[in-house]
Structure formats: C-alpha cells, structure tokens
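Undergrad: Once you've had a glance at the structure underneath, I'll fire off some questions.
The values are calculated or read from the model by the stated rules, or taken from the named source; none is laboratory data. As the structure is a computational prediction, the values presented were derived from the model and not from experiment. When we count neighbours, we look across all protein chains shown, and the Cβ atoms used for this are built from the backbone with ideal geometry, even at glycine. Just so you know, the surface numbers come from the protein's heavy atoms only, side chains and all, with ligands and any DNA or RNA stripped out. Shrake-Rupley method; radii C 1.70, N 1.55, O 1.52, S 1.80 Å.
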Amino acid sequence: MDSMVIPEPLVLPDVRELPQMPSLPGWVALRLDLVKMVEQRSEKDGKFHQNLPTLPRSSLLSLPEREAIENYVAELQQLCDHTAKKDHRLRSDLLAIIARMMLGRPSSPQNELGVEASGEDYFDTLEDVPIWCLSSSYRRWLRGEVGAGQDGRAYVTQWRPDPTIWRRIALEDAYKVQSRVVRLRTLLRAEALAEYDEAHRARMRERFADLLTTLKSAKVQ
C-alpha cells in the first residue's frame, strides 16, 4: 500500500451490545493472517528471539497504517481500563449498576449456604471489571440471554446472579476486546521475515556439507 494512502478505518465495538467484535478492514486482516512467529535475529536489538512476530517485507505496515492501529489499540485499551479500580470516579457508576441489579432481581431462596451477598461483596468482586461490561451483562441477564454456567445448566435469571457469576459473564465481553488488543500489538511488533535467495541457500548447503565432511574425518581419526 502507498505510504501516503489513508487506510480504511478500524471500527470500535458498540459496547452497549457486544455479541461479537466488528470485522477488521481487509488490510489488517490480511496482515494478521501473514504474521509468522519464527526464530530469527531482530533488526531492532540484534538479538535472536525464539518467537519473533514477522511479516514478509513487502507486507510491513506503512506509517499511516501503523498509526491507525496504534490509535485503535489505545482506544480499545481505554475500554478495558474503564473500571472503578483504575478510575475512582467510576465508583458511583459501579454502585449504581449494582443497586439496579439488587433492586431488579431478588436473591435466590436457594442461595448456597443460605447467605445473601451484600452490596460490598458485589463491589469487591466487580471493581476491576469494565463498567460497560457490567451494564451489558446486566441487560442480558434481565432478558435471559446469558446462556449456561460452567456446569452446562442454564442460568436462572429470575434471581440476581452471585457476584462471581456476574463477573464471569461480564468478563466475556472484556476478553473479546482484550484478545483483539493482544493480536494487534503482536502485529505492531512484527519485523521483516528473513528471506534468502537461492544463491544464499546454495552457499549454506555447501557450508553444511563441508562441515559434515570435517566432522566425519575427525571421527575417523
């Protein structure tokens, strides 16, 4: 791609409803498919790395493409960091969504150990979960669209969820975003794949053959 061409933009997810992440533009998806983790010397630090992300030299990101991905990743990371633990200004938002759940759904009469979780229990369990994940999972819980638990049984959404269950459901959306962040950061780290012409490979084969001959001679002696 021409280094001066503005790439097709990357679309941020709609965090109000996140059944799946928006598709990546073709120029990004193609690069992700081409990334190979190889053992080779890094052009940046001159050291050998066992799992260095690489791309064919002709497919390396242009400056506008790199800037577009970097900005997109920064915005996705902001979504992941939108928690009451990292931003104390969001504590009131967290308390509000907990209150909505506690007022909207009663505690299960068959709650394990017969102990009802307090608002403080919910806060301590959910403070590091992005607020938008909690809001989205709250709406899905009310609509009965949260699927089944780890035991395969459908959640009984007429009752409010246990704090750990709510956390698990809410983090499903966060993992979708964080997974994309990890993949794109790997792409940003990608260096040119070491590619050798036939003449170079022929010289390497000759050197290897000479080495074998030397080793055999030494063994005979």
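Undergrad: If packing is taken as the average number of other Cβ atoms within 10 Å across a peptide's residues, how do 29-39, 69-79, 122-132 rank, most packed first?
TA: 122-132, 69-79, 29-39
Undergrad: With the contact rule set at Cα under 8 Å and sequence spacing of 6 or more, what percent relative contact order holds for the stretch 13-74?
TA: Relative contact order for the stretch 13-74 comes out at 22 percent.
Undergrad: Considering only protein heavy atoms and a 1.4 Å probe, what is the carbon-and-sulfur percentage of the accessible area of the stretch 1-142?
TA: It is 51 percent, rounded to a whole number.
Undergrad: Might you tell me the accessible area per residue for the stretch 81-179, computed with a 1.4 Å probe and given in Å²?
TA: For the stretch 81-179, the per-residue accessible area is 56 Å².
Undergrad: Evaluate E = 1/(1 + (r/R0)^6) for Arg66 and Ser92, where r is the Cβ-Cβ distance and R0 equals 45 Å; express this FRET efficiency to the nearest 0.05.
TA: 0.75
Undergrad: Which FRET efficiency value, to the nearest 0.05, is calculated for Arg185 and Ser58 with the Förster distance at 30 angstrom and r the Cβ-Cβ distance?
TA: FRET efficiency, Arg185 to Ser58: 0.85.
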